[in-house]
1. So which residues in region 55-72 are open to solvent by less than 50 Å² (accessible area, probe 1.4 Å) and at pLDDT 85 or above, if there are any at all?
2. When the residues of region 113-147 are filtered to those that are surrounded by 15 or more Cβ atoms within 10 Å (Cβ to Cβ) and of a type in the set (Asp, Glu), which remaining residue is farthest from Met232 (Cα to Cα)?
3. Which ones in region 160-197 are loosely packed, with under 12 Cβ neighbours inside 10 Å and within 30 Å of Thr98 (Cα to Cα)?
4. Residues that are closer than 30 Å to Gly59 by Cα and free of Cβ contacts under 8 Å to residues at least 24 places away in the same chain: which strands (runs of 3 or more DSSP E) entirely in region 119-233 hold 1 or more of them?
5. Would a scan of region 79-96 turn up a residue that is crowded, with 17+ Cβ neighbours inside 10 Å, polar (S, T, N, Q) and farther than 21 Å from Ser157 by Cα?
Amino acid sequence: YGGGVIGRYCDQPEMFPGVAHFHTMRISQPAGKFYTSEYLKQLCTLWEFRGSGITNMHGSTGDIVWIGTTTPQLEEIFFELTHTFNQDLGGSGSNLRTPSDCIGSARCEYACYDTQALCHTLTNDYQDELHRPAFPYKFKFKFDGCPNCCVASIARSDMSFIGTWKDDIRIDQKAVKAYVGGEYAPNAGAHSGRDWGKFDIQKEVVNLCPTGCMRFEGGKLEINNRECTRCMH
C-alpha cells in the first residue's frame, strides 16, 4: 500500500490489545473535494465496519483520513475501495502527497484557470509516486486558482500553482467612483454591524498595497502594472 497506509502499533499490546494495531489510512480526495452525500455515506459505512469510524475531513495535506484499523483489515478495505468505489489511496510519508486544489471555476469567480482539471491530471500522472515512497522527504503540489491562495499553496506546498490574469489590469472607473461615493457597501457589507465611518480609499486600499503601485488622484484609481504583484489584497 506504500504511502496510503501509516502503520501504528502500540508499545504494550498485551496490556492494550484493543489498540495493538491502530493504522491510519489516507484516501485520495476528488479534485475540489466535491462529494455526493451517498458517496460519503458509503465511505463511512465501510469505515464503521472495518475500522474505528474516526475520520478527519481533511488533513492539511488533503485526503480523507481514516484513523484506526488493524492489519487484517487493510487488504479488505483496499479491495473494497478500488473495486467497489473506484477510489484510490492517497500519499503519506516520504513521497508525493495527494495533490490538493481549491474549488476553482466550479464555484469561484476569481479562479483564473481550471484547478480541478490540473489537479486530477497530475494526480493520475504521479499515482506511482503517491503509492511508493521513494523521496528523502515529502513533496506537495497545491493548486490555487488565484493569488487569494485559498489552499495555502505557498505556505503548505513545495510546488505552488497560482492562477493569475494576463495583460494589464482593467479598472472600471465608474464603479470605483460609485464605491468611493458610498453607492456600494464596503467589503460587500461584511462589516455592516457597526458604523466604521466614511470609506477612505487612500487609507483602506491604496496605502495597504504591498508594493505601493496604486494611487488615487482626481477621482481616478491608477495602478503601475509593472510594480503590481497581483496579490489580490
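The values are calculated or read from the model by the stated rules, or taken from the named source; none is laboratory data. Computed from a predicted model, the values in this text were never measured in an experiment. Note that each Cβ is placed from the backbone with ideal geometry, even for glycine, and that neighbours are counted across all protein chains shown. For accessibility, only protein heavy atoms count, side chains too; no ligands or nucleic acids. Shrake-Rupley method; radii C 1.70, N 1.55, O 1.52, S 1.80 Å.
1. Hits for region 55-72 are Asp63, Ile64, Val65, Trp66, Gly68, Thr69.
2. Glu129
3. Scanning region 160-197 gives a single hit, Lys166.
4. On the way: elements: 141-144, 159-162, 214-217, 220-223.
Because the criterion is at least 1 residues that are closer than 30 Å to Gly59 by Cα and free of Cβ contacts under 8 Å to residues at least 24 places away in the same chain, the strands (runs of 3 or more DSSP E) in region 119-233 that meet it are 159-162.
5. yes
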